[in-house]
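> Handing you this structure, nothing more for now.
Bear in mind that the values in this text are calculations on the coordinates, not laboratory data. Bear in mind that the values here come from a model prediction, so they are computed numbers and not experimental data. Cβ placement follows ideal geometry from the backbone for every residue including glycine, while neighbour counts extend to all protein chains displayed.
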Amino acid sequence: MAVRVGVIGTGWIGSEHIRRITDRVGGAEVVAATDIDADRAARAVAGTGARVLAGSEEVVAADDVDAVVVTSWGPAHAESVVAAVEAGKPVFCEKPLATTAEDAQRVLDAEARHGSRLVQVGFMRRFDPGYAQMKDVIAGGGVGTPLMAHCVHRNPTVPESYHSEMAAQDTAVHEIDVMRWLLDDEISSVQVLTPRRTSHRFEHLRDPQFMLFEMAGGARVDLEVFVNCQYGYEIGCEVVGEEGTVRLPEIPGAVVRSAGRRSTPVLQDWVQRFAAAFDTEFQTWADEVAAGTPTTGPNAWDGYAAAVVTDAAVRALHSGGVVETGIKARPAFYA
Ligand code: NAP
């Protein structure tokens with residue numbers, strides 16, 4: 001039987017995931033959804049057969065909802081995730097798991113009380129084929145012990161509502177998760193440097209930002225976050241080990257030769273770049289939920305660790321100094 005999914009929050013990505021589950025994921029169907037704006041929820045489920053419920057409590061409690069997808073805005077995530085865990089239902093939560101480490105801790109506490117893991121966090125890069133290849137190489141010892149990594153995260157533009165702290169909370173959070181995963185280590189300190197500001201910016205925004213992370217084992221990661229780079233969406237990652245390097249492959253684009261030039265298009269947004277990763281992420285989650293096995297994607301501990309590091313990165317942005325994350329040891333429950 002298909003996994004019956006209830007969706008909380010039907011804005012941009014909630015609507016995308018409803019279409020994804022309906023059109024592209026096998027073995028799952030959306031049966032209920034809610035949003036603060038009920039009309040928006042109705043538009044999001046139109047044609048799927050799913051019904052609109054009054055609120056997140058109703059979605060979690062519904063007898064025909066086997067699993068919950070949380071795609072509301074970040075500050076509301078933890079409450080819905082805790083409710084789903086307390087109801088004993090698997091829950092997929094878009095990043096961030098929580099907007100503070102304290103709220104993320106509430107999710108860890110709820111899972112501990114429940115006694116088994118039910119939470120997956122939407123760090124979809126782990127399902128990107130290029131990052132998966134890098135993981136295989138590093139885990140297989142293909143470049144020796146990792147020493148350093150160089151990362152780039154560029155967006156063409158951001159809306160005026162984007163503020164300087166979001167460089168860590170919304171943008172770098174993806175690299176924070178993926179570097180913890182690739183290097184199999186926690187981040188122990190962060191520093192945020194602020195180069196000359198681009199003139200293509202809103203007055204309130206510090207852009208670009210240059211972030212330096214230290215892993216507990218001593219490896220160093222640098223990350224350029226530049227969210228008004230104008231020309232396109234670009235993600236770069238290279239890990240340097242004692243015996244070699246491994247680099248994230250680019251998505252291939254047709255090579256055009258014309259008017260004396262050779263060119264390839266530059267992707268314009270993360271939807272194009274990570275569409276396949278989102279599909280794989282959801283198919284894997286649905287398969288594992290259907291099998292009744294713990295999901296193997298990023299878990300509540302990964303969501304907690306990302307919250308601890310982004311909190312530290314925001315403090316580092318304001319202080320200019322090196323900020324220790326103070327992350328505690330990973331509980332055996334998440335080994
Ligand atoms: P969005 O368009 O603002 O959608 C959020 C929706 O949830 C809105 O319709 C909002 O209603 C509703 N909502 C807020 N609190 C709610 C609650 N307690 N119960 C029910 N509905 C609630 O935002 P989005 O771009 O879809 O992003 C949603 C989440 O996905 C964010 O956490 C974001 O960081 C994450 N995301 C992840 C990725 C990724 O790369 N994995 C990409 C994009 C977004 P109102 O607008 O009326 O408040």
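> Under a 10 Å cutoff between Cα atoms, tell me which one of GLN120, GLN272, GLN283 has the largest fluctuation in the Gaussian network model of the chain.
GLN272
> Can you find, among GLY303, ALA290, THR245, the residue sitting farthest towards the positive end of the charge dipole of segment 218-308, where Lys and Arg contribute +1 and Asp and Glu -1 at Cβ?
Result: THR245, furthest along the dipole toward the positive end.
> Taking a ≥ b ≥ c as the square roots of the Cα gyration tensor eigenvalues, with a/c under 1.5 meaning rounded and otherwise prolate when a/b beats b/c, else oblate, which class fits segment 271-322?
Here segment 271-322 falls in the oblate category.
> While we're on this one: Taking the Cα centre of the chain as origin and charging only Cβ (+1 Lys, Arg; -1 Asp, Glu), how large is the dipole, in debye to the nearest 20?
Dipole size: approximately 900 debye.
> Same structure, new question: Net charge around SER15, counting only other residues with Cβ within less than 11 Å of its Cβ (Lys, Arg = +1; Asp, Glu = -1)?
Charge balance near SER15 sits at +2.
> Which length gain, in nm to one decimal place, applies between THR293 and TRP12 when the Cα-Cα distance is subtracted from 0.36 nm times their residue separation?
Here the answer is 98.2 nm.
> With label points built 7 Å along Cα→Cβ from the Cα atoms of SER199 and TYR334, find their separation and express it in nm.
Taking the two extended label points, one gets 4.5 nm.
> Using +1 at the C-beta of Lys and Arg and -1 at the C-beta of Asp and Glu, which of ILE13, GLY140, TYR231 has the Cα lying farthest in the positive direction of the dipole of the chain?
TYR231
> Taking only Cα atoms, what is the 0 to 90° angle, nearest 10, from helix 77-86's long axis to the longest principal axis of the chain?
50
> Still on this model: In the calculated pair distance distribution of segment 133-258, what percentage of Cα-Cα distances lie above 22 Å?
41
> For the chain, what proportion of DSSP beta bridges, expressed in % and rounded to the nearest 5, is antiparallel?
55
> With r as the distance between the Cβ atoms of ALA216 and GLU165 and R0 = 22 Å, compute the FRET efficiency 1/(1 + (r/R0)^6) and round to 0.05.
Efficiency for this residue pair is about 0.35.
> Something else: Quick one: helix 173-183 against the long Cα principal axis of the chain, what's the angle to the nearest 10°, folded into 0 to 90?
Helix 173-183 and the main axis of the chain meet at about 80 degrees.
> Within the set of other residues whose C-beta is less than 11 Å from the C-beta of GLU250, count the net charge using Lys and Arg as +1 and Asp and Glu as -1.
Summing Lys and Arg as +1 and Asp and Glu as -1 gives +1.
> With Cβ to Cβ distances under 15 Å as the rule, what net charge do the other residues near ALA41 carry (K, R +1; D, E -1)?
Combined, the nearby Lys, Arg, Asp and Glu give -2.
> Could you give the alpha-carbon Rg of segment 1-110 over 2.2 N^0.38 Å, rounded to two decimals?
With N residues counted in segment 1-110, Rg over 2.2 N^0.38 Å equals 0.98.
> Using a Gaussian network model of the chain whose springs link C-alpha atoms within less than 10 Å, name the residue from HIS163, HIS204, HIS174 with the highest mean-square fluctuation.
Ranking HIS163, HIS204, HIS174 by mean-square fluctuation puts HIS204 first.
> How are the alpha carbon pair distances in the chain distributed across 10 Å bins from zero to the largest one, expressed in percent?
Reading upward from the zero bin: 6, 24, 33, 26, 10, 1, 0.
> Full-extension gain between ASP184 and ALA2, please, as 0.36 nm times their residue separation minus the C-alpha to C-alpha distance.
62.1 nm
> Another one. Sorted by mean Cβ packing within 10 Å, highest first, what order do the peptides 37-48, 220-231 take?
220-231, 37-48
> Taking 35 Å as R0, compute the FRET efficiency from the Cβ-Cβ separation of HIS318 and ALA54 and round it to 0.05.
Step by step, r from the Cβ atoms, then E = 0.30.
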